[in-house]
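Contents: one structure, followed by commentary.
The values are calculated or read from the model by the stated rules, or taken from the named source; none is laboratory data. A quick note: this is a predicted structure, and the numbers were derived from the prediction, not measured. Heads up, the Cβs are rebuilt from the backbone with ideal geometry, glycines too, and the neighbour counts pull from every protein chain shown.
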Protein chains: 2
Amino acid sequence: MNLKERAEILLKEKGLRCTEVRLLILEEFLKRNKPLSIQDFKKKKAFKNWDESSTYRNFTKLESSGLIRAIPSNSEFQHYESTLETHHHHHHHITCRKCKAIQCLNDCSVEEQLAKMANKVGFSVEGHTLELYGLCADCRKK
Amino acid sequence: MNLKERAEILLKEKGLRCTEVRLLILEEFLKRNKPLSIQDFKKKKAFKNWDESSTYRNFTKLESSGLIRAIPSNSEFQHYESTLETHHHHHHHITCRKCKAIQCLNDCSVEEQLAKMANKVGFSVEGHTLELYGLCADCRKK
DNA sequence: GTTTATGCAAACTGTTTGCACGATC
DNA sequence: GATCGTGCAAACAGTTTGCATAAAC
């Protein structure tokens, strides 16, 4: 089953109509498997064919139907991610300061610590954004 | 020494002119001792007397002179905090998902964990950005 | 008197909305 | 054929900029 077919099924399950823009957006989320902003889509040439307002309305629609969710982000722009099973795995990235390589960290083992830190000031934690930077093995050798 | 006097000294140290808006902004940061956005200032009636462009330009100026710093934030709006002694140690912030209040966390106790996570994939860590979100005590009650 | 900040108006970006037309079911 | 999505234009909010005037030093 290809991406387009998967996207069609997802839309139908939610009782949403299968329009071309909507399919493209959903396919992109399935394919990229990472948080994306509306800006990321606007940059893509495929999206030059549609009016921006359509894209905005579709993001709203996909979010309210539960296919994507808005996630807090340090970015200037609102980011969204797919809500599918395979996308649930929580992880972070580390970027090499020198060569700019990005590596996925397999696990996130700081949640307990964060909960403690937040509880001290009366907050409960629902989530976090975390990005690391440093040096990769290769660049450290040089 | 009151807030206004402290603010005047800070500005002079940086070679900045002491104008009324600038003093008010800096005093507010000294007084509140937490991240503030330009929106927070616009709301205040004292700031209704000045043109918004002045406020924006002053934030830029105060930042480039190092008296305040822009901090990553999950909020829609850019937040800044004072760079004074009390703010120098490494710390993070948590944003309330409902009321958007931002609170400083006193310490950062995840560095060891992060180093371990990164070492597993061959990286050494030089730094990180971390922002939390959740619910503040007040919003949790409701 | 020189330098820098301000007010005002205009421009600019990202986003939202109203409405007529077109596509989907 | 009824419903819903789209393009287009206009409106909107937050921010930035140009320029003449005013304030700080």
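Here are a few things to note about the model shown:
- Residue in segment A:28-43 that is within 14 Å of chain B (Cβ to nearest Cβ) and not β-branched (V, I, T) present: yes
- Filter result (under 30 Å from B:I38 (Cα atoms), facing chain A (nearest Cβ under 7 Å) and touching a strand residue (DSSP E or B) at 6+ places or on another chain (Cβ under 7 Å)) within segment B:99-132: B:Q103, B:L105, B:G127, B:H128, B:T129, B:L130, B:E131, B:L132
- Test: A:S65 is under 24 Å from A:H90 (Cβ atoms) and either outside the structural domain of A:E81 (by TED's automatic domain parsing) or touching a Lys or Arg at 6+ places or on another chain (Cβ under 8 Å) (or both): yes
- B:R69, sole failed condition from (1) away from DNA strand D (no atom under 14 Å from the Cβ); (2) touching a Ser or Thr at 6+ places or on another chain (Cβ under 7 Å); (3) outside any strand (DSSP E or B): (3)
- Meets criteria (near DNA strand C (Cβ under 10 Å from one of its atoms), within 14 Å of chain A (Cβ to nearest Cβ) and free of Cβ contacts under 8 Å to residues at least 60 places away in the same chain) for B:E52: no
- The residues of segment A:71-92 that are surrounded by 14 or more Cβ atoms within 10 Å (Cβ to Cβ) and either of a type in the set (A, V, I, L, M, F, W, C) or modelled with pLDDT of 75 or more (or both), listed by number, are A:I71, A:Q78, A:H79, A:Y80, A:E81, A:S82, A:T83, A:L84, A:H92.
- Taking the criterion of being surrounded by fewer than 17 Cβ atoms within 10 Å (Cβ to Cβ) and at the interface with chain A (Cβ under 9 Å from one of its Cβ atoms), the residues of segment B:133-142 that qualify are B:A137, B:D138, B:R140.
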